[in-house]
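Read-outs throughout are calculated quantities, based only on the coordinates presented, and are distinct from any laboratory measurement. Please read these numbers as outputs of a predicted model, since none were measured by experiment. As a convention, Cβ positions derive from the backbone with ideal geometry for all residues, glycine included, and neighbour counts pool all protein chains shown.
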């Protein structure tokens, strides 16, 4: 599954367009490398998302095409969630 779709299905981001914009700005990293929105997510990938003053790092636990809202948190584990003061 593409990373932009995965972030939407897992409800980490609300819209795929946001994921594409983050990828285009090189603020979407997988295993430490900047990726495009078309990157194919694999189990155990570590995704880092940089939004302004917030850095969110998650580990992919599972990949599913469709999932209920309340079950979406089973798709990933939060490794780090920090806010920076610039």
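Exposure proxy shown here: for 7, 75, the number of other Cβ atoms within 10 Å sets the order, fewest to most, as 75, 7.
Considering only alpha-carbon pairs that sit under 8 angstrom and 6 or more positions apart, the relative contact order computed for the chain is 26 percent. Residues 72, 38, ranked from the fewest to the most other C-beta atoms within 10 Å, line up as 38, 72.
Taking the number of Cβ atoms within 10 Å of each Cβ as an exposure proxy, the fewest-first ranking of 85, 70, 40 is 85, 70, 40. On the principal axes of its alpha-carbon atoms, the chain has extents of 37, 23, 22 Å, going from largest to smallest.
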